[in-house]
1. Would you confirm whether any residue within the range 153-171 is within 20 Å of Gln75 (Cβ to Cβ), surrounded by fewer than 19 Cβ atoms within 10 Å (Cβ to Cβ) and of a type in the set (Asp, Glu)?
2. Considering the range 155-169 alone, what residues qualify as being of a type in the set (D, E, K, R) and more than 18 Å from Asp185 (Cβ to Cβ)?
3. Restricting to the range 112-134, and then to whatever is within 22 Å of Gln70 (Cα to Cα) and crowded, with 20+ Cβ neighbours inside 10 Å, can you tell me which residue is modelled with the lowest pLDDT?
4. I'd like to verify a number: residues in the range 280-333 that are assigned to a loop (DSSP other than H, G, I, E, B) and among the aliphatic types (A, V, I, L, M), how many?
5. Could you tell me whether any residue of the range 357-370 is surrounded by fewer than 21 Cβ atoms within 10 Å (Cβ to Cβ), out of contact with any His (no Cβ under 7 Å at 6 or more places or on another chain), at pLDDT 90 or above and aliphatic (A, V, I, L, M)?
6. Return the residues of the range 204-262 that are out of contact with any helix residue (DSSP H, G or I) (no Cβ under 8 Å at 6 or more places or on another chain) and either among the charged types (D, E, K, R) or in contact (Cβ under 8 Å) with a residue 40 or more places away in the chain (or both); say none if nothing qualifies.
7. Going by what's in this entry, would Ser66 be described as polar (S, T, N, Q) and crowded, with 19+ Cβ neighbours inside 10 Å?
Amino acid sequence: MLSFVLVVEFSCSTALRSVAAPVSFSELRSCGEGGQRADGYGHTLAEIFQQPEMWRDAARRMGDASEDWQELVAQAAAIVLTGSGSSYYVGKCVEAPLQRRMGKPVVAVEAGELLVVGAGALPAIRPLLVVSFSRSGDSPESSAVVDRLLEEEPEVRHLVITCNPEGRQAKAAGVDPRVGVVVLDERCCDRSLVMTSSFTSLVVAALAMGGPELEYLSQVDRVAAGVSALLEGPLEAIEEFPVEQAERMVAVGSGSLQGAALETALKMLEMTDGRVLTRAETSLGLRHGPMCSLRDRSLLFVPVPSQEVPRAYLEDLLAEIDRKGLAGWKVLVGARLDGLETRPEDLLVEVPALEGLPDEWVAVASVVVGQLLAFRRCRAEGLRPDEPSVENSITRVVQGFNLHRTAAGEI
């Protein structure tokens, strides 16, 4: 087994100093703005820690803008949730709870698939509401989807939820009566390359559409308080967890937690510039091949369901993994972690405020833990969290590309 010694260059003061363990989050946050920017995390860490505040603000803004979206939701026979990358995963986090609460079909479809596959990727039912999620509102495919549907699908209405008041999608407000727009606090339009507070704030905002309002606001407040307690409390367990030793990571979740798994896997991949290979799977899908990736240097990341049946399936899976001696480490995040198959080297992050809440709120909280681990691994790799892509293989906003359409004009 290879040994690993982590040396962190920490430039909070004028002189650099080397330490034999990761610098704590509190030390990093206490560093001045200039030092944070010099170390390449001037945006990312603040954007991770601001999330509970952004969630309460997102809930308030959805309430203030209810006239812009409630009628659109009520009139729709079906709803499509769309976006690109992390913004698509927002839809995966909320499609099941929204369908359950609305009593109408709700499906998440990637914006790029709407361009490539065309109208066949949309439900046939009309009237249809397409809800577009975006951090910047300037993604080429996300903007193109709205533009083309407005041109070619008169019975399709649109709701844009974005973090950028200056983006193309935000400026669609008032241009066409078929488009409603909700703009979240500009502070959650993350300046870092990766989406952190923008992702979770979009999830929280989207859940407002499921109502009822008072229950929703109570849930937002509980989760925000619980995650605030986590972030402001002692974080030694996360800081000391040997994430720097993992060569690959598999994130597992079903339902809303599949969206969390997809997003957590993407964060680790992006923030390590692809040096840690990742995959997301459902709790039952892992057995159908991907379980072979759980080697001794593999990390298994698991948001733990609150709901009885998904939790029972997960408990069976964890017992099987331990019985087979798979995965070097597990990270479990949830309200009640007692009774689960764990080992001394595993990291258990309990958020008591999640007790009794549906799994969409476990998804929100668990993603925050994934962000912290990805941030630590990014620094362990000697990368800059604000801009971890060394060769610019990825950018904060996807660069423009050719947009194709058939001669018939189909989307």
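1. The answer is yes, given that some residue of the range 153-171 is within 20 Å of Gln75 (Cβ to Cβ), surrounded by fewer than 19 Cβ atoms within 10 Å (Cβ to Cβ) and of a type in the set (Asp, Glu).
2. Glu155, Arg157, Arg168
3. Leu122
4. Qualifying residue count for the region: 5.
5. Yes, the conditions are met somewhere in the range 357-370.
6. Correct list: Glu215, Glu232, Glu236, Ala237, Glu240, Pro242, Gln245, Glu247, Ala261.
7. Taking the combined requirement at face value, the residue does not satisfy it.
Residues checked against (1) of a type in the set (A, V, I, L, M, F, W, C); (2) in the same structural domain as Glu387 (by TED's automatic domain parsing); (3) in contact with a helix residue (DSSP H, G or I) (Cβ under 8 Å, 6 or more places away or on another chain); (4) farther than 30 Å from Pro388 by Cβ:
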| position | (1), (2), (3), (4) |
| --- | --- |
| Ile125 | yes, no, no, yes |
| Val131 | yes, no, yes, no |
| Ser134 | no, no, yes, no |
| Ile161 | yes, no, yes, no |
| Pro165 | no, no, yes, no |
| Cys189 | yes, no, yes, no |
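The values are calculated or read from the model by the stated rules, or taken from the named source; none is laboratory data. All of these numbers come straight from a predicted model, not from anything done at the bench. Cβ sites come from the backbone with ideal geometry, for glycine too, and all protein chains shown count toward neighbours.
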